Amino acid sequence: VKRAGLFVDMGLGKTLATLATINKLATENKIDVTKPILIVAPIMVALDTWSREAEKWGYDMDVKINIQLSPKKRDALLSSLLEPQEKLTLVTTNPAQLKSMISYFKSQHRRPPFQVAIIDELSQFKSPTAQRFEQLQLLTGNCEYFFGLTGTPAPNNLLDIWSQMIVIDKNNSQRMGYNFFQYRNNFFIPDKIGRDGNVYKWKLKPESAEKIYDLMRPTVISMRSEGLIDLPAITYDNRYVKLPKKAMELYRKMDIELRRELNNSDSDDSNEPITLELDSSEMVIPNSAVLTGKLAQLSSGALYDNVLDPSELNTGKYEVFHDAKLKALKDIVETATSPILVFFFFKSELERMKEYIEFEHLYPKRPDVNSLISKWNKGEVPVMVAHPASVGHGLNLQDGGHIMIWLTTTWSNEQYRQSVKRLYRSGQKNTVSVIHIVAEHTVDEDIINRIDTKEEGQDLLMKALDVADRG
């Protein structure tokens, strides 16, 4: 199989296995070593992991990084890829660069020069409507070899599978459905229909899960860590905090009164937004999605000003209502005996943390990001904080510590699983402690429950495809 999905549990060494595969193809003259190999990965992984792993395991490969370059330098790098490479060359990039790469090769009237494409974290392309899905097909559709790596192929449900299978091999459309809607109609039925007639949630038809697994098997290799690697234990602990009286009163008002008003607005088709008067400002809440986001903000301690778009709930000015979670974080940090990795969700948490603890912030555009990762893995960084969306995929942080704290847990099962696996992976020598700081009687508890439910569906898929379980 020249085009395959490697659905392998996080921590089993997907990067090393892929490097070994590339090296074997090259030594057996199955690929042209003068042609560059494309690797599309999350930004932090593209910046650090592939070059670090290639050097660590002694592979003699050049690594060219197409990230954070000026247009002039980017064009120079892409131009160099059209020439024969002196030795086996990896070109790492992130999804945001796909459009500019396609445009450049088109401007030169040249086809993309890649014979081999590797997509590290294939689930980044789970949305069939996203531009990056189409861009990846244009850039890699004619590659002879294609490997799609992920430990979370269905982070939400099996609706996420279709686009990934098509990216692996367009011939999968003959089995999975010629488009996403045909796939969905073949295997799913509406589960939640709104008053407007739109379907807001889908569920599997009876026996559809097994049918989908069977259709995936010809082009997927799957392995779970269970029974394959000897990992230490992992523990999950919810540290509950109580919101101060004033903050809890506001929370209940929003959760009960405003939700009732929004429901009434939906039922009479007026769709009028609700205005909430605060001490120093007012906040407009147009729908339940924004309200849920606002409740999560209040649980974390700060409410952002008027924002109508749910995707922008983490930006702008904010008003602080309590520091219950930050005080709990400080207590944990002060009593810790080893380095701690802290995940925040809202930017307000990052800014307000500075008043309670000292830390290093890990983020993709940090100039010394590689040096920081190296210091962390040497145990030289007592507290490192990060957002799960920016560092959740692919980074090897297991040498630096074994304690992880979630100030506000992400709704995304994929981000959550990937983030936990930064510490709980092959090479970890200590029991990993995952601590969620949870505001009692708030949406925080709903988030934890939702993550657990999605985890069960993910495990069913990985078990069904596991090569060790096939007859």
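The values are calculated or read from the model by the stated rules, or taken from the named source; none is laboratory data. Keep in mind that what you see is a predicted model, and the values were worked out from it rather than measured. Cβ placement follows ideal geometry from the backbone for every residue including glycine, while neighbour counts extend to all protein chains displayed. We work out accessible area using only protein heavy atoms, side chains counted, and drop any ligands, DNA or RNA first. Shrake-Rupley method; radii C 1.70, N 1.55, O 1.52, S 1.80 Å.
Counting only DSSP beta bridges whose two residues both lie in the chain, roughly 20 percent are antiparallel.
Take the Cα of Arg366, step 7 Å toward its Cβ, do the same at Asn185, and the gap between the two points is 5.0 nm.
Farthest towards the positive end of the charge dipole of the stretch 343-450, among the residues Phe343, Ser412, Thr431, is the Cα of Thr431, using unit charges on the Cβ of Lys, Arg, Asp and Glu.
Where in the stretch 79-177 are there GluC sites (Glu not before Pro) that are in a DSSP coil and have at most 10 other Cβ atoms within 10 angstrom of their Cβ?
Details: sites: Glu86, Glu121, Glu134, Glu144; in loops: Glu86, Glu121, Glu144.
Filter output for the stretch 79-177: Glu86.
Once the Cα atoms of helix 131-140 and of the chain are each reduced to a long axis, what angle between those two axes, in degrees from 0 to 90 to the nearest 10, is obtained? It works out to around 10 degrees. Modelled spin labels at Asp237 and Glu380, positioned 7 Å past Cα toward Cβ, are 2.9 nm from each other. For the chain, the relative contact order comes to 18 percent (Cα pairs under 8 Å, sequence separation of at least 6). Accessible surface area normalised per residue over the chain is 47 Å², counting heavy atoms of protein chains with a 1.4 Å rolling probe.
Helix 443-465 and the longest principal axis of the Cα set of the chain meet at an angle near 30°. Once the C-beta distance of Glu351 and Asn171 is scaled by a Förster radius of 41 Å, the resulting FRET efficiency is 0.25 to the nearest 0.05. Using the Cα centre as the reference, give the magnitude of the dipole from point charges on the C-beta atoms of the stretch 303-436 (Lys, Arg: +1; Asp, Glu: -1; all else neutral), rounded to the nearest 20 debye. Result for the stretch 303-436 is approximately 500 debye, rounded to the nearest 20. When the P(r) is computed for the chain, the part past 31 Å accounts for 49% of the Cα-Cα pairs. For Asn156 and Thr275, the difference between the fully extended length at 0.36 nm per residue and the C-alpha to C-alpha distance is 39.6 nm.
At most 14 other Cβ atoms within 10 Å plus a DSSP loop assignment makes a site exposed; report the longest stretch of the chain without any exposed chymotrypsin sites (Phe, Trp or Tyr not before Pro). Between exposed loop sites, the widest span is 179-471. Using a simple spin-label model with pseudo-atoms 7 Å out from Cα toward Cβ, Glu83 and Glu319 lie 6.1 nm apart.
In this structure the amide hydrogen of Leu276, modeled in the peptide plane, comes within under 5 Å of the amide hydrogens of Met283, Val284, Ile285, none closer than 5 places in sequence on its chain.
At a threshold of 8 angstrom on Cα-Cα distance, excluding pairs fewer than six apart, so keeping six or more, what relative contact order does the stretch 175-255 reach in percent?
For the stretch 175-255, the relative contact order is 17 percent.
The gain in end-to-end length when the Lys2 to Glu334 segment is fully stretched comes to 114.3 nm, 0.36 nm per residue minus the alpha carbon separation. In straight-distance terms, cross-link reach from Lys246 covers every one of the lysines whose alpha-carbon lies under 27 Å from its own, apart from those fewer than eight places away in the same chain; here that gives Lys294, Lys317, Lys325, Lys327, Lys330, Lys347, Lys354. When +1 charges are put on Lys and Arg Cβ atoms and -1 charges on Asp and Glu Cβ atoms, the dipole computed for the stretch 82-206 relative to its Cα centre reaches about 480 debye.
So how much slack lies between Ser288 and Tyr200, counting 0.36 nm per residue of separation and subtracting their Cα-Cα distance, in nm? If you can, show how the numbers build up before the last one.
Working: separation 88, 0.36 × 88 = 31.68 nm, distance 1.34 nm.
Result for the pair: 30.3 nm of gain on full extension.
Helix 14-27 axis versus longest C-alpha principal axis of the chain: approximately 10°, rounded to the nearest ten.
In the chain, the sites counted are trypsin sites (Lys or Arg not before Pro) in DSSP loop states with at most 16 other Cβ atoms within 10 Å, and the longest stretch holding none of them, exclusive of the sites, is 111-194.
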